[in-house]
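Asker: Below you will find the structure I want to go over with you.
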Amino acid sequence: MAVIYAIPGLGCNKWIYENLKVKGHSIKVLDWPPVKRHFTLKDYANEFLKQMDLTHEFYLMGVSFGGMLCIELGEVTEPEKIILISSAKNKNEFPNYFSVFKYFPVHLLLPESLHRKIALLSWKLLGFHKGLLPEFNQMIKSMPENHFRYCINYIVNWDRKSNSKPVIHIHGNGDKLLKYHKIKNVNYTVSNGSHAMVFTRSGEINQILEEILIDSFIS
């Protein structure tokens with residue numbers, strides 16, 4: 001059985017992948033390694049290698065920030081496929097305002113407690129339903145120390161401008177965080193799909209993954 005190494009989005013844990021299932025594949029959601037102030041996104045991606053077995057066939061799959069980490073992991077490993085959901089392949093697909101935080105890193109000045117409070121208020125922007133608030137809140141609270149401050153810093157300072165390996169990109173045209181019009185070469189568009197569609201539209205995502213992984217639609 002082939003393994004899909006999956007990385008959640010910023011502030012998320014294994015719960016975000018709870019409803020995903022692909023016949024003939026096991027999904028192993030990787031844990032968040034400890035963050036360090038001096039890391040780059042590439043450095044942090046390499047920390048995930050300790051949880052991976054590279055001697056057998058594997059795939060990489062990431063949501064949002066997790067997809068960016070998968071891009072960097074794909075540069076130092078040989079996955080069968082790299083699958084991004086509600087993510088960005090390089091910094092050219094970021095919203096323009098991200099660059100403000102690169103040159104004026106106010107996120108590093110804010111206490112982690114404030115970052116978590118802001119994250120708790122973001123459920124509607126991300127596309128979660130109100131009924132999921134208890135699980136969403138618990139997920140935010142479970143993040144490691146300094147997770148938001150430093151991971152945001154990795155994102156806004158990501159220097160990747162292009163991609164050397166093929167990427168399969170699934171994106172919703174209703175994403176309010178990573179806008180659809182900024183994403184190049186989307187392979188699968190989910191109509192009105194939000195940033196959180198990996199959970200809220202998991203049935204459709206499962207069908208797409210089955211087409212990618214079982215039918216080998218994209219080699």
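Where a number appears in this text, it was derived from the coordinates with a stated rule and is not lab data. Predicted model, so just to flag it, every value in this text is computed and none were measured. Please note: Cβ atoms are built from the backbone with ideal geometry, for glycine as well, and neighbour counts cover all protein chains shown.
Asker: Along Cα→Cβ, 7 Å out, is where each label goes; now give me the distance between the ones at K184 and E78 in nm to one decimal.
Answerer: Each label point lies 7 Å from its Cα, and together they span 2.8 nm.
Asker: Follow-up question, since we're still on this one. When DSSP assigns beta bridges and you keep just the ones with both residues in region 2-213, what percent turn out antiparallel, to the nearest 5? Could you put the intermediate results ahead of the total?
Answerer: Values: 1 of 21 bridges.
Counting only bridges with both partners in region 2-213, antiparallel ones make up about 5 percent.
Asker: How high is the relative contact order of region 124-208, given as a whole-number percent (alpha carbon pairs under 8 Å, six or more residues apart)?
Answerer: Answer for region 124-208 is 32 percent.
Asker: At 7 Å along Cα-to-Cβ for each site, give me the label-to-label distance between Y97 and L54 in nm.
Answerer: Those two pseudo-labels are separated by 3.8 nm.
Asker: Find the relative contact order for region 1-66 and round it to a whole percent, using C-alpha pairs within less than 8 Å whose residues are 6+ positions apart.
Answerer: 54
Asker: Given labels modelled 7 Å from the Cα in the Cβ direction, how far is it in nm from N19 to S191?
Answerer: For N19 paired with S191, the spin-label model returns 1.8 nm.
Asker: Quick one: dipole size for the chain, taken about the Cα centre, charges +1 on Lys/Arg Cβ and -1 on Asp/Glu Cβ, in debye to the nearest 20.
Answerer: 820
Asker: Additional query: Taking all pairs of distinct Cα atoms, average 1/r, flip it, and tell me the Kirkwood hydrodynamic radius of the chain in Å to one decimal place.
Answerer: Values: mean 1/r = 0.0573 Å⁻¹.
For the chain, the Kirkwood estimate is 17.4 Å.
Asker: In addition: Return the lysines within reach of K141: Cα separation strictly under 27 angstrom, same-chain partners fewer than 8 residues apart disregarded; answer none if there are no such residues.
Answerer: Hits, sequence-local ones excluded: K14, K21, K28, K36, K42, K50, K102, K117, K124, K130, K176, K179.
Asker: Which order do the peptides 204-213, 7-16 come out in when sorted by mean C-beta neighbours inside 10 angstrom, highest first?
Answerer: 7-16, 204-213
Asker: Between region 179-205 and region 40-54, how many Å separate their Cα centres?
Answerer: Region 179-205 and region 40-54 have Cα centres separated by 26 Å.
Asker: Here's something else I'd like to know. With an 8 Å Cα cut-off and a minimum separation of 6 or more residues, compute the relative contact order for the chain in percent. Intermediate results must be reported in sequence, preceding the final value.
Answerer: Working: 384 pairs, mean separation 55.7, N = 219.
Reported as a whole number, the value is 25 percent.
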